[in-house]
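First comes the structure, then the notes that go with it.
The values are calculated or read from the model by the stated rules, or taken from the named source; none is laboratory data. Please read these numbers as outputs of a predicted model, since none were measured by experiment. No Cβ is skipped: glycine too gets one built from the backbone with ideal geometry, and neighbour counts run over all protein chains shown. With ligands, DNA and RNA removed, areas are computed over all heavy atoms of the protein, side chains included. Shrake-Rupley method; radii C 1.70, N 1.55, O 1.52, S 1.80 Å.
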Amino acid sequence: MSRALTLTGVFLVAMSTLMLEVLLTRITSVSAWYHLAFFVISLGMLGMTAGAVLVFVVPSLFERDVIPLRLTQSALGFALSTPVCVGLTLALPLTPVTDLMSFLALLGAGGTLALPFILAGTTLTLALTRAGLPPSTAYGVDLTGAAVGCVAIIPLLNVVDAPSAALCASVVAALGAAAFATAARRPLRSTLVCALVLTLMAALNASSALPPLRPAWVKGVREIPEWFAYLGWNTYSRVTVDWSTVKEPMLWAAGRNIPPEVLAPIEQRGMRIDGAAGTVMGKLGASAANHAYLDWDITAFAHHLRPHGAAAVIGVGGGRDVLEAARVGHSPVIGVEINDLIVRLHQTTMAEFSGITKLPGVSLVTDEARSFMARDTHRYSVLTMSLIDTWASTGAGAYSLSENGLYTREAWRIFIDHLAPDGIFTVSRWYLVNSPGETARIIALAMETLWDSGVPNPLAHLVVVQNNQVATLLVAKQPFSPADIDLVQSEAVRMGFNMILTPRKVPAHPVLRQLVEQRTRAAMWHWAENQKLDITPPTDERPFFFSMLKPSTWFTDRASVDQMDLSFLGNLQATQTLVYATIVSVFLTILTVAFPMGLRRDALPPLARADIVAASSYFALIGLGFMYVEMGLLSRLNVFLGRPTLALAVLLAGIILFTGIGSLLSDRISFAQAKLATLYPLLPAALILIATAILPWLMHTFEGADTATRIAVSLGLLAPTALALGLGFPLGLRLVERMEAKIAPQTGGGSALGPWLWGINGACGVCASGLALGTSMVFGIKVTLTIGAACYLLLPLAAARLYRSGS
């Protein structure tokens, strides 16, 4: 086979595999919930691993003389199975796991989604272990193709919807099959016909007003696309806008004393992000004065205390908070919105309906709020962040939510630092009377932030008002004055809001009262750590505001979990389903990897048991270690960069790309010296620990830098570590091949033990993805990275055994 064309096929199949994996995280975040995006990443790795196991378990299908044919067939099978499996995923409802049947449904969905990856894994395993390619070159090209696939998604989703983009990934896979066929000098007709048909399908789907391939079920509810006046996709969300209706204005939590005449019907449109996080866009009409109902929403309470000066809104959504800030008299009013689709709706697509960009002093900025505020020179009288819930996972997987970085101590310090001397930072969150977990957590976060800023008495800076299912926290840069407190009391009584907390009043609810009675920072942390829900203040080290379910309650029944939080939010159920998805991944790994490999132990080459254990341990450790490091770095640097698009392009693709380059450079390492051959894993271990140590300093130092600088800093941190990580797999294969060449020489090229080791590596990676995420959620990202480094510190033990056996 032509080496160049074979490597081209490897590049294209790897590229399409990562394209599909990232796209499926986006698709499942719409059709199901964000926590299943993690599940897709596990399934991708599981399928790739199962493909490697297939090569090992059924060697008769992959004899040396049919390798070129099997490469073409498996790559083409990957291309053709993708539309079918994506279509089935879009056609069937996926719901949170609540009983055995929903668990089995998740298991079935997992098996369906894994099928294309099994075929892709078969292709890449054959190419990397049976096609006679140099391991370092093949592995490097594989990772480089995967990195390009990650980056390709970003411009692609700016042009087409996610299902159409999945069809484009199929086209790339079909071209990879054509490259393999050409390399083997086989007929191209069938592969080119398939590529052409898939291209036509992608073009037809992308150009249709009502695409044939689209989500039929969203969050367990049958979707009716005829209801939408607008539908758009990008790398981190799917935004829909309904046709306008005339009805009573929507308020998150209106005061009990709101006059009936204020609620006169208005023309408005419903908006949803990923089919669940909803808001409303009201028609501006002749004047902003027609929207007096906004004064009575609890999210606007801060404007009654500070009606003038500059104002900023984090999360524009339907434009209600921006409209209210401009309506009461603030100028300028800056709306910061991460989602470019929403900004374009207000600026162009629905500018006449929304009207907020025509209001004097109003400007909208497409940026992540935290990084924007760190660079901004304005000082604000009111900074509003009300009910920021997108429930939209980023391409990096579940719990990498775009809003996670907004609810940490470090983020709130930035926000409070950008207030005017008399400014107020206002945050609205959900409130459940019997279990006010989110409200307790934002109060704890405010106390922690103020203590961290040197404030001796945080309670003098805090007010909380509440009605129905929403509570609004007001954090003042300076202590609230007696006049401020008098105004809070008079306005709350006039409008019909409950005063939960003021400098003169402690909460009646026992949990909230105990929280504010903690007089020191250490006491507050100790108290918060011992509550039923995790209400410790989130930090950049552990930025999971929405994950409040503790490990001791992960397997609590659904009814009990629903009593801990507003059930429609699904945040606590998300944690449970994440646990169940991990269990499903482990079960499928045992079924498709461990069990078949165990049945074929007799097919292992005639090596000593200790040698097989050493080789298996080596590849198990790099599977675990790499995934722990990748998940830790992605979680931490995603907060630093802020925008999910950048996190996806710079972090995930950067890790894969530099790992691929490291693999290509591994050929330069000679095994002539035993120390160099066995101690090289200490290099990635040391670089991981160094990166872990300097991450907080880097994030603090460059938090106010522009986007280009933060990208450069992220890549500078990633590059050395990823380059070193890339050495592990190809050097391990070289050690194994060297050992096999001495003990059990092979005539067919490559390693006879290679598919077995590929399976071990992939199985550990599948399990580690869930374990690493759980470790970060419970113990923090630093612990996750440290465990990753520990895996590489153990590698010299296995490498030394392999080296001695091959000497």
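Where residues in the stretch 1-21 are open to solvent by 10 Å² or more (accessible area, probe 1.4 Å) and either outside any helix (DSSP H, G or I) or over 26 Å from Arg186 (Cα atoms) (or both), which of them is modelled with the lowest pLDDT? The selected residue is Met1. Among strands (runs of 3 or more DSSP E) entirely within the stretch 237-304, having at least 1 residues that are among the hydrophobic types (A, V, I, L, M, F, W, C) and under 30 Å from Val463 (Cβ atoms) singles out 266-273, 277-282.
Among residues of the stretch 341-364 being charged (D, E, K, R) and under 14 Å from Leu284 (Cβ atoms), the one that is surrounded by the most Cβ atoms within 10 Å (Cβ to Cβ) is Lys358.
Being out of contact with any Leu (no Cβ under 9 Å at 6 or more places or on another chain), closer than 28 Å to Ala229 by Cβ and buried (at least 20 other Cβ atoms within 10 Å of the Cβ) is true of Ile338. Only one of the numbered conditions (1) in a strand (DSSP E or B); (2) at pLDDT below 90 is not met by Ala229, and that is (2). Residue selection: Thr786 satisfies the criterion of being open to solvent by 30 Å² or more (accessible area, probe 1.4 Å) and not hydrophobic (A, V, I, L, M, F, W, C). Being small (Gly, Ala, Ser) and either in contact with an Asp or Glu (Cβ under 7 Å, 6 or more places away or on another chain) or farther than 20 Å from Thr449 by Cβ (or both) holds for only one residue in Ala508, Ala523, Ala528, and it is Ala508. Would you say Met201 is open to solvent by less than 20 Å² (accessible area, probe 1.4 Å) and not in a loop (DSSP other than H, G, I, E, B)? So Met201 does not fit the description; no. Within the stretch 650-661, residues that are among the aromatic types (Phe, Trp, Tyr) have Cβ atoms under 6 Å from residues that are in a helix (DSSP H, G or I) and open to solvent by less than 10 Å² (accessible area, probe 1.4 Å) in these pairs: Phe658/Ala722, counting only partners at least 6 apart in sequence or on another chain.
No other residue among Ser164, Ser190 is assigned to a helix (DSSP H, G or I), modelled with pLDDT under 90 and polar (S, T, N, Q) apart from Ser190. Looking only at residues of the stretch 402-432 that are in a strand (DSSP E or B) and polar (S, T, N, Q), we find that the one that is nearest to Leu549 (Cα to Cα) is Ser428. Taken over the stretch 673-682, the criterion of being buried (at least 17 other Cβ atoms within 10 Å of the Cβ) and not in a loop (DSSP other than H, G, I, E, B) is satisfied by Ala677, Thr678. On inspection, His378 does not qualify as modelled with pLDDT of 90 or more and either hydroxyl-bearing (Ser, Thr, Tyr) or crowded, with 18+ Cβ neighbours inside 10 Å (or both). With a requirement of 2 or more residues that are modelled with pLDDT under 75 and closer than 30 Å to Phe544 by Cα, the helices (runs of 4 or more DSSP H) lying completely within the stretch 570-672 that satisfy it span 571-589. If you go through the stretch 88-110 and keep only what is in a helix (DSSP H, G or I), open to solvent by 10 Å² or more (accessible area, probe 1.4 Å) and touching a helix residue (DSSP H, G or I) at 6+ places or on another chain (Cβ under 7 Å), you end up with Leu88, Thr89, Phe103, Leu107, Ala109. Quick check on the stretch 696-719. Is at least one of its residues assigned to a helix (DSSP H, G or I), open to solvent by 10 Å² or more (accessible area, probe 1.4 Å), in contact with a Ser or Thr (Cβ under 8 Å, 6 or more places away or on another chain) and of a type outside the set (Val, Ile, Thr)? No - not one qualifying residue is present in the stretch 696-719. Restrict the check to the stretch 518-534 and report whether at least one residue is within 30 Å of Asp297 (Cα to Cα), at pLDDT 90 or above and either open to solvent by 50 Å² or more (accessible area, probe 1.4 Å) or of a type outside the set (Gly, Ala, Ser) (or both). No: the stretch 518-534 contains no residue that is within 30 Å of Asp297 (Cα to Cα), at pLDDT 90 or above and either open to solvent by 50 Å² or more (accessible area, probe 1.4 Å) or of a type outside the set (Gly, Ala, Ser) (or both).
So is Leu157 under 28 Å from the mean Cα position of the chain (by Cα) and of a type in the set (A, V, I, L, M) or not? For Leu157, the condition - under 28 Å from the mean Cα position of the chain (by Cα) and of a type in the set (A, V, I, L, M) - is met.
If the condition is being over 30 Å from Leu341 (Cα atoms) and buried (at least 21 other Cβ atoms within 10 Å of the Cβ), then the stretch 145-183 contributes Ala174, Leu175, Gly176, Ala177, Ala178, Ala179, Phe180, Ala181, Ala183.
Cβ-Cβ contacts under 7 Å between residues 6 or more apart (or on different chains), taken from a first residue in the stretch 450-475 that is modelled with pLDDT under 95 and in a loop (DSSP other than H, G, I, E, B) to a second residue that is of a type in the set (Phe, Trp, Tyr) and surrounded by 22 or more Cβ atoms within 10 Å (Cβ to Cβ), are listed as Gln469/Tyr431. Scanning the stretch 229-241 for residues that are touching a strand residue (DSSP E or B) at 6+ places or on another chain (Cβ under 9 Å) and open to solvent by less than 30 Å² (accessible area, probe 1.4 Å) turns up Gly232, Trp233, Thr235, Tyr236, Ser237, Arg238, Val239, Thr240, Val241.
Within the stretch 135-175, being among the small types (Gly, Ala, Ser) and farther than 27 Å from Glu630 by Cα holds for Ser164, Ala174. Answer with yes or no whether Ser490 is closer than 22 Å to Thr299 by Cβ, open to solvent by 10 Å² or more (accessible area, probe 1.4 Å) and not aromatic (Phe, Trp, Tyr). Yes: the conditions hold for Ser490. Cβ-Cβ distances below 6 Å connect no pair with a first residue in the stretch 333-355 that is of a type in the set (Lys, Arg), a second residue that is part of a strand (DSSP E or B) and open to solvent by less than 10 Å² (accessible area, probe 1.4 Å), and a separation of six or more residues or different chains. Screening Ser435 against (1) part of a helix (DSSP H, G or I); (2) over 27 Å from Pro307 (Cα atoms); (3) open to solvent by 10 Å² or more (accessible area, probe 1.4 Å); (4) in contact (Cβ under 8 Å) with a residue 60 or more places away in the chain leaves a single unmet condition, (1). Residue check: is Ser244 among the polar types (S, T, N, Q), open to solvent by 20 Å² or more (accessible area, probe 1.4 Å) and in contact (Cβ under 8 Å) with a residue 12 or more places away in the chain? For Ser244, the condition - among the polar types (S, T, N, Q), open to solvent by 20 Å² or more (accessible area, probe 1.4 Å) and in contact (Cβ under 8 Å) with a residue 12 or more places away in the chain - is met. Can you pull out every residue in the stretch 262-296 that is farther than 18 Å from Glu324 by Cα, of a type outside the set (A, V, I, L, M) and either open to solvent by 30 Å² or more (accessible area, probe 1.4 Å) or out of contact with any strand residue (DSSP E or B) (no Cβ under 7 Å at 6 or more places or on another chain) (or both)? Scanning the stretch 262-296 gives Arg272, Gly278.
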